[in-house]
Amino acid sequence: MEALDGNSAIAEAIKQIEPDVVVSYPQSPSILILEAIALFIANGEMDSEFLNVESDYSAMSTCIGVASSGGRVFTATASQGLALMHEALFIASSLRLPIVIGVTNRTLAAPINFNADHSDSMAQRDSGWIQIFSENSQEAYDNIIQAFKIAENKDVRTPVMVGIDSVVTSNLCENIHIQKNEEILEFENKSNPTYSVLDIENPKTVGSLCASDYFFEHKMNQNNGIENSRKVIKNVGKEFGDRFNRYYGYFETYELEDAEYAVILMSSSAGTAKKAVDEMRKRGEKVGLLKLRVFRPFPYKELRESLSNLKSIAVLDRVLTPGTYGGPLFIETMAALYNLDKRPLVYPYIYGLGGRDITLKHIENIFDDMKMAFDNGKGIPEIKYINLRE
């Protein structure tokens, strides 16, 4: 057991995995991940190349170069940094490069804010990356370790971003289990790239011009990688659990077996929601929780199976998507349930923008809203904003 914040937990995982290259550009608060890794390398605890570059765009471009050369590579960023990588993120996924990035989820400006919401990752949800979210430091550590094994699987070959909530998870210390170095090295596959642009005996063309006669096929090849990851994510999560007794899947259910009402959300707020469920269960309320871990690929079939027997569901998005009816998690959940003959009512909520608190009372009020709406035989017609000053 070690007391580590989320940033340090990610850095510890990277120290044990020891990728060939770590690429660094300072973006608060994810820079603390890279500072810790730089110290590990300087102190001789890691044998990795550490590259300082001049921007987040350069960082992802460098990762693309390393991965194309057959190297295992990691970087970290947040907020505006991830936004600056936008163009390069599409290139990385289109080229099926197994890059791993740690994202300290911080709201996008303006105004400038260093606290948590999911606007940075959600802005990249269609970039072709696998997206995994972490509730706490333990999950941050565990998810990074699994991310490399998922990304480098020969049937996947797709980059992975692992998110933690800024300040709430990134800076909060808690006791977590750290595995022995030899255990992690045994769990991780040795990097086995499908090609290297440095292999002059077997030359390859990477990222060339592609006209309409084959572009569609290239994009479907890319899509095959992320679709193949569905099975691999489950298998890697089970293997991780069999080895270390911490099991992972697409999501975690909490008191959902006999629940009539449930909330769905991601990342650190799940801890608050679990406590609220406990308090309401003591009063005899049949309420539960589903914490989504994997947003891409979206586990629509599994969600459909887990949620179909509920009366109603509140979906909590920690991002504002102007001009839509609800956030990305709400929209995708609605789509997953739409074709059921009997489906629960689904209500959209927005919360926590720029680090705004969500409390036990807020969660309990959401459950009360759902029950009242169901009893009245109608859904909540408008998006609700939690803890917003009117």
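The values are calculated or read from the model by the stated rules, or taken from the named source; none is laboratory data. Because the structure is predicted, anything quoted here is derived from the model rather than measured. For neighbour counting, all protein chains shown are included, and Cβ atoms are generated from backbone atoms with ideal geometry for every residue, glycine included.
Pairing residues of segment 60-72 that are small (Gly, Ala, Ser) with residues that are assigned to a helix (DSSP H, G or I), at Cβ distances under 7 Å and at least 6 apart in sequence or on separate chains, gives Ser61/Ala88. When Phe148 is tested against (1) within 27 Å of Arg318 (Cβ to Cβ); (2) in a loop (DSSP other than H, G, I, E, B), exactly one condition is not met: (2).
Number of residues in segment 105-118 that are charged (D, E, K, R) and surrounded by fewer than 19 Cβ atoms within 10 Å (Cβ to Cβ) equals 0.
Count of segment 153-185 residues, restricted to those that are surrounded by fewer than 24 Cβ atoms within 10 Å (Cβ to Cβ) and under 30 Å from Ser94 (Cα atoms), is 6.
Annotation note: of Leu337, Leu307, Leu329, Leu345, the sole residue that is touching a residue at least 24 places away in the same chain (Cβ under 8 Å), assigned by TED's automatic domain parsing to the domain that holds Phe367 and under 17 Å from the mean Cα position of the chain (by Cα) is Leu329.
If you go through segment 209-219 and keep only what is closer than 21 Å to Val156 by Cβ and either surrounded by 11 or more Cβ atoms within 10 Å (Cβ to Cβ) or touching a residue at least 40 places away in the same chain (Cβ under 8 Å) (or both), you end up with His218, Lys219. The single condition among (1) outside any loop (DSSP other than H, G, I, E, B); (2) under 17 Å from the mean Cα position of the chain (by Cα); (3) not small (Gly, Ala, Ser) that Val319 does not satisfy is (1). Quick one: would you say Thr169 is farther than 18 Å from Ile233 by Cβ and either without any contact (Cβ under 8 Å) to a residue 60 or more places away in the chain or among the polar types (S, T, N, Q) (or both)? Yes: the conditions hold for Thr169. When we screen Lys219, Lys238, Lys234 for residues that are in the same structural domain as Gln138 (by TED's automatic domain parsing) and under 17 Å from the mean Cα position of the chain (by Cα), the only hit is Lys234.
Which residue, of Lys238, Lys234, is surrounded by 15 or more Cβ atoms within 10 Å (Cβ to Cβ), of a type in the set (Lys, Arg) and either closer than 30 Å to Ala78 by Cα or in contact (Cβ under 8 Å) with a residue 24 or more places away in the chain (or both)?
Lys234
Taking the listed residues Ala140, Ala116, Ala147, the one that is out of contact with any Pro (no Cβ under 7 Å at 6 or more places or on another chain), under 18 Å from Leu320 (Cβ atoms) and modelled with pLDDT of 95 or more is Ala116, with no other qualifying. Scanning segment 348-389 for residues that are assigned to a loop (DSSP other than H, G, I, E, B) and within 30 Å of Ala78 (Cα to Cα) yields Tyr351, Gly352, Arg356, Asp357, Ile358, Thr359, Ile383, Ile386, Asn387, Leu388, Arg389. Answer yes or no: is there a residue in segment 278-294 that is modelled with pLDDT of 95 or more, crowded, with 18+ Cβ neighbours inside 10 Å and touching a His at 6+ places or on another chain (Cβ under 9 Å). So far as segment 278-294 goes, no, none of its residues is modelled with pLDDT of 95 or more, crowded, with 18+ Cβ neighbours inside 10 Å and touching a His at 6+ places or on another chain (Cβ under 9 Å). Confirm whether Ala78 is in contact (Cβ under 8 Å) with a residue 60 or more places away in the chain and under 30 Å from Gln222 (Cβ atoms). The answer is yes for Ala78. Within segment 229-275, the set of residues being on the phi > 0 side of the Ramachandran plot and either part of a strand (DSSP E or B) or not acidic (Asp, Glu) (or both) comprises Asn245, Ser267. No other residue among Leu345, Leu340 is in contact with a strand residue (DSSP E or B) (Cβ under 7 Å, 6 or more places away or on another chain) and over 24 Å from Ser166 (Cα atoms) apart from Leu345. Every condition in (1) closer than 27 Å to Ser196 by Cβ; (2) crowded, with 21+ Cβ neighbours inside 10 Å; (3) in contact (Cβ under 8 Å) with a residue 40 or more places away in the chain holds for Ser121 except the one numbered (1). Is it the case, given these coordinates, that Tyr261 is closer than 27 Å to Arg106 by Cα, in contact with a helix residue (DSSP H, G or I) (Cβ under 8 Å, 6 or more places away or on another chain) and hydroxyl-bearing (Ser, Thr, Tyr)? So Tyr261 fails the test.
Every residue, every condition in (1) in the same structural domain as Tyr195 (by TED's automatic domain parsing); (2) surrounded by fewer than 24 Cβ atoms within 10 Å (Cβ to Cβ); (3) assigned to a helix (DSSP H, G or I), yes or no:
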position: Ser61; (1), (2), (3): yes, yes, yes
position: Ile64; (1), (2), (3): yes, yes, yes
position: Gly70; (1), (2), (3): yes, yes, no
position: Thr75; (1), (2), (3): yes, no, no
position: Ala83; (1), (2), (3): yes, yes, yes
position: Arg96; (1), (2), (3): yes, yes, no
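Taking segment 241-254 as the range and being surrounded by fewer than 17 Cβ atoms within 10 Å (Cβ to Cβ) and within 23 Å of Ala373 (Cβ to Cβ) as the test, only Thr253 passes.
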